[in-house]
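Inspection log for the structure reproduced underneath, given as structure tokens.
What follows draws every value from the coordinates through simple rules; no lab data is involved. Worth saying up front: this structure is predicted, and the values here are computed from it rather than measured. No Cβ is skipped: glycine too gets one built from the backbone with ideal geometry, and neighbour counts run over all protein chains shown.
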Amino acid sequence: MKRHISIVPLSHDHYDGLFMAQSIKKNFIKTDLGLSSISDKIKFVINAYNTELIPHFNHEEVILFPFAMGKDEELDKMINEILEEHDVIHKAASKISEGNLEENLNEFGLLLESHIRKEERILFPKIEEILGDELNALEGQIVAVKDSCGI
């Protein structure tokens, strides 16, 4: 789906996030990441969480969401749901190294995948519908995380 240029970087991040989510779930298809052991997956998730997910959430929470809030009641409700999901994902990330590692990794992967799909299929189209050309004001403010940190 074609995105408004100002939020394309977030969609690029989402592509990487979906790849990570698939790679850490229980029955993942082997990737070129070499994530064959639980400890490899844990290291991968902790690194990606710190270097990619937190900055990505920050772009949404500090730039996009405040810009979009207050323009439509339904959109505000969706953004608040997404913010709650961010909190759930943060908590799931902190559980990764506790207890049942494989189950925690699988839960994290499922949460992340569902969250990204909701943003891409529901939230972003709604933002584009409601804001339209107003999104031009954000152009260049949001940069894909991997582009901004040289990953």
Practice task
For Lys2, list the lysines whose Cα falls under 19 Å from its own Cα; do not include residues on the same chain fewer than 8 positions away.
Solution key: Lys118, Lys126
Problem - Shape of the stretch 8-135, Cα gyration tensor, a/c cut at 1.5 - result: prolate
Completion exercise
In this structure, the FRET efficiency calculated for Ser97 and Asn136 from their beta-carbon separation, with R0 = 41 Å, to the nearest 0.05, is 0.45
Completion exercise
Cross-link reach from Lys41 to aspartates and glutamates, straight Cα distance under 17 Å and at least 8 residues apart if same chain, gives Asp16, Asp32, Glu52, Glu98, Glu102, Glu103, Glu107, Glu113
Fill in the blank from the handout: Sorting Asn106, Ala92, Val8 by the position of each Cα along the dipole of the chain (Lys, Arg +1; Asp, Glu -1; all at Cβ), the one nearest the positive end of that ordering is Asn106
